[in-house]
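**Student:** First the structure, which I've put down as structure tokens, then a few questions once you've had a look.
The values are calculated or read from the model by the stated rules, or taken from the named source; none is laboratory data. Given the structure is predicted, the values throughout are model-derived calculations rather than measurements. We place every Cβ from the backbone using ideal geometry, glycine too, and count neighbours over all the protein chains shown. Each accessible area value is taken on the protein alone, full model and side chains, heavy atoms only, with ligands, DNA and RNA left out. Shrake-Rupley method; radii C 1.70, N 1.55, O 1.52, S 1.80 Å.
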Amino acid sequence: SLVNKTALIQNVYGIDQGTMNDSYQTFYKDIRMSASDAADAIARVTQTAQASNVPVGKYLKMVTGLAQSFLKIGIGGEHAESIMANLMGRGMRAEVAQQTAQEAGSVMGNLAGNHSIMGFGASMLGMNPFDGMAQAAYTHEANGDPRKGWAGDVSKMIDSYANVYAGAYGSDPSVRRMGITDMFKGMGFSQQSASTLTSSYLQGNTDQFQE
């Protein structure tokens, strides 16, 4: 069972039962992973926490909370673990990574309803703009589960829009930083997240939402 598969992790790292129960609910019941896949996800969370010197119980709680937020927006909750690991791999502290990922999810949910951005992003990808808008609006299936592929569809259109927008600021470093920061703030990011994403963007990470 899932409990048996993760008992060693719980005992070694002293994770409280409430946090473990929340992780079981999230990975096994809500995301609908198999017991084996859910146990593997919890093990990966443990490894990331160790590598980043973050208490395992605290980090597991952060990831499961983020996964629950993603599910409501239309993003598969299984992405929470990999997105957090990706952001922390860039050197972000766990709290900053969580905030950035949380805001990115909210921004994706909000921008999916912005027909101008979705239509423009879709057209830059060679798509029919109305197909892009329809894909963005199709967030959940009839049973309430997030549509598989929604996050990928929307992230590509947002990144396409962002790259065209950012390109309009030319090559002057100061102008580009100011303009790209304003772009992210205009999408709904806080000053801290907008500045963090801008720094990452200027380092060559131009597919921010797809990551």
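**Student:** Give, rounded to the nearest 20 debye, the magnitude of the charge dipole that region 10-74 has about its Cα centre when Lys and Arg contribute +1 at Cβ and Asp and Glu contribute -1 at Cβ. Walk me through the intermediate numbers first.
**Tutor:** On the way: 6 positive and 5 negative charges, 28 e Å.
That gives a dipole near 140 debye.
**Student:** For a paramagnetic label modelled at 7 Å from the Cα of Lys148 toward its Cβ, which residues of region 65-83 fall within the zone defined by backbone nitrogen distances under 16 Å?
**Tutor:** 75-79
**Student:** Test of understanding: what is the full-extension gain from Gln203 to Ala137, defined as 0.36 nm times their sequence separation minus their Cα-Cα distance? Don't skip to the end; give the middle numbers.
**Tutor:** On the way: separation 66, 0.36 × 66 = 23.76 nm, distance 3.18 nm.
Computed gain between Gln203 and Ala137 is 20.6 nm.
**Student:** Students often get this wrong, so try it: which of (1) 1.01; (2) 1.17; (3) 0.95 is Rg/Rh (Cα atoms, Kirkwood Rh) as calculated from the structure shown?
**Tutor:** Looking at Rg/Rh (Cα atoms, Kirkwood Rh) for this model, the match is (1).
**Student:** What are the semi-axes of the equivalent ellipsoid for region 12-85, taken as the square roots of 5 times the Cα gyration tensor eigenvalues, largest first, in whole Å?
**Tutor:** After diagonalising the Cα gyration tensor, the semi-axes are 18, 13, 11 Å.
**Student:** Given Cα pairs under 8 Å that are at least 6 residues apart, what percent is the relative contact order of region 1-62?
**Tutor:** Relative contact order here is 40 percent.
**Student:** If you don't mind, another one. Relative to the longest principal axis of the chain, what angle (0 to 90°, nearest 10) does the C-alpha long axis of helix 115-124 take?
**Tutor:** For helix 115-124, the angle is close to 80 degrees.
**Student:** When ligands, DNA and RNA are left out and all protein chains stay put, how many square angstrom of accessible area per residue does the chain have with a 1.4 Å probe? Please report the intermediate quantities before stating the final value.
**Tutor:** On the way: 10040 Å² over 211 residues.
That works out to 48 Å² for each residue.
**Student:** With the contact rule set at Cα under 8 Å and sequence spacing of 6 or more, what percent relative contact order holds for the chain? Each step should come with its number before you reach the end.
**Tutor:** Details: 253 pairs, mean separation 32.7, N = 211.
That works out to 16 percent.
**Student:** Would you work out the charge dipole size for region 138-200 about its Cα centre, treating the Cβ of every Lys and Arg as +1 and the Cβ of every Asp and Glu as -1, and quote it to the nearest 20 debye? Before the final figure, lay out each step's value.
**Tutor:** Numbers: 6 positive and 6 negative charges, 24 e Å.
About 120 debye.
**Student:** Can you tell me the 0 to 90 degree angle between the C-alpha axis of helix 191-202 and the longest principal axis of the chain, rounded to 10?
**Tutor:** 70 degrees
**Student:** Also, I was wondering about something else. Between Ile42, Asn114, Val164, whose Cα lies farthest towards the positive end of the dipole of the chain when Lys and Arg beta carbons carry +1 and Asp and Glu beta carbons carry -1, centred on the Cα centre?
**Tutor:** Ile42
**Student:** Now, a different point. Just read off the accessible area of Lys58 with the full protein assembly in place, 1.4 Å probe, to the nearest 10 Å².
**Tutor:** Using a 1.4 Å probe on the heavy atoms, I get roughly 90 Å².
**Student:** Between Asn163 and Gln68, what's the calculated FRET efficiency when r is the beta-carbon distance and R0 is 25 Å? Round to 0.05. Don't skip to the answer; put the middle values down first.
**Tutor:** Details: r = 31 Å, r/R0 = 1.22.
The value I calculate is 0.25.
**Student:** Determine the order of Ile73, Ile15 by accessible area, beginning with the largest, at a probe radius of 1.4 Å.
**Tutor:** Ile73, Ile15
**Student:** Using a simple charge model, +1 on the beta-carbon of Lys and Arg, -1 on the beta-carbon of Asp and Glu, nothing else, what dipole does the chain show about its Cα centre, in debye to the nearest 20?
**Tutor:** The calculated dipole for the chain is roughly 260 debye.
**Student:** Rolling a 1.4 angstrom probe over the protein chains, ignoring ligands and nucleic acids, what is the accessible area of Lys61 in square angstrom, nearest 10?
**Tutor:** Solvent-accessible area, nearest 10 Å²: 110 Å².
**Student:** Cross-link list Lys61/Lys156; Lys5/Lys29; Lys5/Lys156; Lys29/Lys185: which exceed 27 angstrom alpha carbon to alpha carbon?
**Tutor:** Values: Lys61/Lys156 29 Å; Lys5/Lys29 16 Å; Lys5/Lys156 37 Å; Lys29/Lys185 35 Å.
Pairs exceeding the cut-off: Lys61/Lys156; Lys5/Lys156; Lys29/Lys185.
**Student:** Sort Phe120, Phe130 from largest to smallest accessible area, using a 1.4 Å probe on the heavy atoms of the protein chains. Present the calculation step by step, with values, prior to reporting the outcome.
**Tutor:** Numbers: Phe120 80, Phe130 150 Å².
Highest to lowest solvent-accessible surface, that is Phe130, Phe120.
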